[in-house]
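Structure first, then comments.
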Amino acid sequence: QCWQLGFFWSSPSQSADDALRSMFKIAKPVLLSFGLAGSAGLLLYCQLLVRSYGSLTGEGSVASLVYAFRIYEVPVSLTANIAAIMLLPALSRLHAEGSVQRITEICRDILEWGIILLAPIVVMVYLEAAVIVELLFGYGRFNASDVERTAVALQGFAPAILFEAGIVVFYRVLYALHRPKMALAVSLLVVAVLIAALVAGPTEDEKDLALAFSVSFVIGMGFLAIFLVRYFGRGVVPFSRRLLAITVLMGICLLTSVVPIPQVAPMTVGGIFLMVYSLAFVTLLPAHRAAIINLFIRRGLER
């Protein structure tokens, strides 16, 4: 049947040539860089670099870094990876239609909701790293020293939750815009910053290595944000009319992370932080609060 349908016969057409040319244009930087221009490849290269330096800091360092990586990747996988998969075909269609304004609005919404949802997760992972590691791995041959070292590494990786998620999502935006070379440029910057931090910075323990990883992704996402603003204009800037609200929310996150707070019981500080953050969110961002309420209402009606 395939033979009769002409499946094995060559039938060139202009539309097929255009589609293949466009596909190869996007795939070429990823192929020639051996995956570095993709978010998954970038993550793999950077983790290999961190673990290679971790192998020089003492026995068990690589294992601590690996376990911490598995934990912090959970919120990234549940949010950024899913959003990226859903966004790429929609943004590609909008780009083909020339709907720049709609793409700008979507990118701004992604930035706003990403910051709102992932910033408190970053703080919670940083504050309660020891509790999280103890609950997940604190049994069998995973002793108290292993828990402590993995928790320290997890604290260093915590900022990467927000910024790695941004790179994962906005790399798909770059693919949709047919700008894979920009993704490669960001990846090269991230790797260069990571190598410089590992070579010149302190690498005495797992937290130093994990922080070097996080710093490289912070700088990479900052460079990517500059490109987005230059490409789309100021319309892509998040919270342009809610500057005070987002300043208060991020101030709560920063103060909770920086100011030393005595831990009375497990999850106490984290629980108080979540309550304060949630109260500030529903008070200062009424439009986003209404969006969440409408989402729950629609889900209830669908059931």
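The values are calculated or read from the model by the stated rules, or taken from the named source; none is laboratory data. Note that this is a predicted model, so its numbers are computed, not measured. Heads up, the Cβs are rebuilt from the backbone with ideal geometry, glycines too, and the neighbour counts pull from every protein chain shown. Note: accessible area is taken over every heavy atom of the protein model, side chains too, but ligands, DNA and RNA are not part of it. Shrake-Rupley method; radii C 1.70, N 1.55, O 1.52, S 1.80 Å.
Taking the stretch 59-102 only, how many residues are touching a Lys or Arg at 6+ places or on another chain (Cβ under 6 Å), over 30 Å from THR150 (Cα atoms) and polar (S, T, N, Q)?
Residues meeting the conditions: 0.
Based on this model, can you work out whether VAL248 counts as more than 27 Å from VAL169 (Cα to Cα) and β-branched (Val, Ile, Thr)?
Answer is no for this residue.
Would a scan of the stretch 287-296 turn up a residue that is in contact with a Phe, Trp or Tyr (Cβ under 6 Å, 6 or more places away or on another chain), modelled with pLDDT under 95 and open to solvent by less than 70 Å² (accessible area, probe 1.4 Å)?
Checked against the condition, which is being in contact with a Phe, Trp or Tyr (Cβ under 6 Å, 6 or more places away or on another chain), modelled with pLDDT under 95 and open to solvent by less than 70 Å² (accessible area, probe 1.4 Å), the stretch 287-296 yields no hits at all.
Inspect all residues belonging to the stretch 20-37 and state whether any of them is within 19 Å of PRO159 (Cα to Cα) and either more than 14 Å from the chain's Cα centre (by Cα) or open to solvent by 20 Å² or more (accessible area, probe 1.4 Å) (or both).
No, the conditions are met nowhere in the stretch 20-37.
Restricting to the stretch 43-101, name every residue that is free of Cβ contacts under 8 Å to residues at least 40 places away in the same chain and on the phi > 0 side of the Ramachandran plot.
Within the stretch 43-101, GLY58, GLY98 qualify.
Which one of the conditions (1) of a type in the set (Asp, Glu); (2) surrounded by fewer than 19 Cβ atoms within 10 Å (Cβ to Cβ); (3) over 21 Å from ALA130 (Cβ atoms) does GLU204 fail to meet, given that it meets all the rest?
(3)
Across the stretch 25-41, which residue is modelled with the highest pLDDT among those that are part of a helix (DSSP H, G or I) and over 15 Å from LEU174 (Cα atoms)?
Going through the qualifying residues, I end up with GLY41.
I'd like to check which helices (runs of 4 or more DSSP H) are fully inside the stretch 195-303 and have at least 2 residues that are farther than 29 Å from ILE71 by Cβ and either touching a strand residue (DSSP E or B) at 6+ places or on another chain (Cβ under 8 Å) or among the basic types (Lys, Arg) (or both).
So the answer is 286-302.
Anything in the stretch 61-101 that is more than 14 Å from the chain's Cα centre (by Cα), among the hydrophobic types (A, V, I, L, M, F, W, C) and closer than 27 Å to LEU49 by Cβ? List them, or say none.
Answer for the stretch 61-101, where residues must be more than 14 Å from the chain's Cα centre (by Cα), among the hydrophobic types (A, V, I, L, M, F, W, C) and closer than 27 Å to LEU49 by Cβ: VAL62, ALA63, LEU65, VAL66, ALA68.
Which one of VAL191, VAL186, VAL215 is within 22 Å of ALA27 (Cα to Cα), at pLDDT 95 or above and surrounded by 20 or more Cβ atoms within 10 Å (Cβ to Cβ)?
Exactly one of VAL191, VAL186, VAL215 is within 22 Å of ALA27 (Cα to Cα), at pLDDT 95 or above and surrounded by 20 or more Cβ atoms within 10 Å (Cβ to Cβ), namely VAL186.
Test PHE163 against the criterion of being within 19 Å of CYS253 (Cα to Cα), touching a residue at least 40 places away in the same chain (Cβ under 8 Å), open to solvent by 20 Å² or more (accessible area, probe 1.4 Å) and of a type in the set (Phe, Trp, Tyr), and give yes or no.
When the stated conditions are applied, PHE163 passes them.
Looking at THR150, THR104, which is the one that is under 22 Å from ARG51 (Cα atoms) and of a type in the set (Ser, Thr, Tyr)?
THR150
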